[in-house]
Amino acid sequence: MKTVLITGATSGIGAACAHQFAKEGYRLILIARRAQKLADAAHHLSDKYAVEVKTLVADVRDQNAVTDVLNSLPQEWKKVDVLVNNAGLSQGLDPINEGSFSDWDAMIDTNIKGLLYVTKIVSGWMVSAGEGHIINIGSIAGKEVYPNGNVYCATKHAVDALNKGMRMDLLPHGIKVTAINPGMVETEFSLVRFKGDASRAEQVYEGMTPLFADDIADAIWYAVSRPKHVNINDMLIMPTAQASGTLVNRNKKNYDIKYYRSGN
């Protein structure tokens, strides 16, 4: 049986990935900060899909916590076939001269350093096994820069560079590395960016149909399910209504504002 490890697993793309991989019969290792949400998710997934689930409560920004929880796994769970580095966030939307140091630290520590802390350990296991697949969740913000996106865009550009570096470093070990770069996805992303301001978060998707977490989970599964000799290096996924980081068609007459949810 194959095993997937997913960070940021209790909401959004991480939660959708947990359902997608469970449906395909994978054992799950789920990492997240919110213990109760993690426990609830594990119970639901194991009950619905009859798969084994391990939960690890940790903030990926905490190097010691990440190291401790990963090393605490039983040896048989350290054969990880797929790592989904999903944990990430954006804080604030301010010009550089008005930015918040705490917002910058949160983005750099989560989006770059947290990804590295998890990857260092899990990639080591993959090297020992001689195979594995790392999926890094980037963003359109890692391909272009938009006004007031400064530090967030910088962190996702760093992830884009790390994708390429990882692919080179891990090439001799038969390990695949895939970058998944979404445009606008309706998750908790905007709510977090605007620090709980629901009405401002909703305006981000007003008048258009964004992507949904299930769309990204489906794309990830496509990449993972390719034959062994095929690697999807980089995938940029946008809503039909979005052409760039800032160019969005919000004409309600042209788009069906029909929101759907999976059975998650």
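This model, with +1 at the C-beta of Lys and Arg and -1 at the C-beta of Asp and Glu, gives segment 34-77 a dipole about its Cα centre of some 160 debye. The aspartates and glutamates within cross-link reach of Lys37, meaning a Cα-to-Cα straight distance under 18 Å and a gap of 8 or more places when in the same chain, are Asp47, Glu52, Asp59, Glu188.
Backbone geometry of segment 237-242 corresponds, through the Karplus equation with coefficients 6.51, -1.76 and 1.60 at θ = phi - 60°, to 3J(HN,Hα) couplings of 10, 10, x, 4, 7, 10 Hz, x marking Gly and Pro. Taking 24 Å as the limit for the C-alpha separation, the pairs Lys79/Lys228; Lys120/Lys156; Lys23/Lys164; Lys23/Lys54; Lys54/Lys156; Lys2/Lys156 exceed it in the case of Lys23/Lys164; Lys54/Lys156; Lys2/Lys156. Averaging over all projection directions, the Cα-based convex hull of segment 22-97 occupies 7.0 nm² in the image plane. Which residues' amide hydrogens lie under 5 Å from the amide hydrogen of Arg33, considering only partners 5 or more residues apart or on another chain, with H built in the peptide plane? For Arg33, whose amide H was placed from the backbone, the distant partners under 5 Å are Ala58. Adding -39500 (n - 2.57) for every DSSP H run of four residues or longer, then dividing by how many residues the chain holds, sets the calculated 222 nm ellipticity at -12000 deg cm²/dmol.
Dipole check for the chain: with +1 at the C-beta of Lys and Arg, -1 at the C-beta of Asp and Glu, and the Cα centre as origin, the magnitude is about 480 Debye.
Taking other C-beta atoms within 10 Å as the exposure proxy, Ser72, Ser46 rank Ser72, Ser46 from fewest upward. Derived scalar couplings between HN and Hα for segment 83-94 equal 10, 10, 7, 9, 4, x, 7, 10, 10, x, 8, 10 Hz in order, rounded to whole Hz, by the Karplus curve 6.51 cos²θ - 1.76 cosθ + 1.60 (θ = phi - 60°), x for Gly and Pro.
Here the contact order of the chain, divided by its residue count and restricted to Cα pairs under 8 Å and six or more residues apart, works out to 18 percent. Across the chain, the longest piece that holds none of the chymotrypsin sites (Phe, Trp or Tyr not before Pro) lying in DSSP loops with up to 12 other C-beta atoms within 10 Å covers 1-258. Please identify the helices of the chain, taking whole runs of DSSP H, that span at least 20 Å along their own axis as judged from the Cα atoms and have a mean Kyte-Doolittle score of 0.5 or higher. Flagged H segments are 115-129. Taking the convex hull of the alpha carbon positions in the chain and averaging its projected area over all directions gives 13.9 nm². Think of the chain as having a plus end and a minus end, set by charges on the Cβ of Lys, Arg, Asp and Glu; of Ala154, Ser139, Leu5, Leu5 sits farthest toward the positive end of this dipole.
Scanning residues 5 or more positions from Asp234 or on other chains, those with amide H under 5 Å from its amide H are Ala179, with H placed 1.01 Å from N in the peptide plane.
Working note: Karplus 6.51/-1.76/1.60 with θ = phi - 60° gives segment 204-212 the couplings 4, 9, 5, x, 8, 9, x, 6, 10 Hz, where Gly and Pro are set to x.
Every read-out reported here was derived from the displayed coordinates using simple, explicitly stated rules and does not represent laboratory data. Quick caveat: nothing in here was measured; it's all calculated off a predicted structure. Methodologically, a virtual Cβ is constructed for each residue, glycine included, from the backbone with ideal geometry; neighbour enumeration extends over all protein chains shown.
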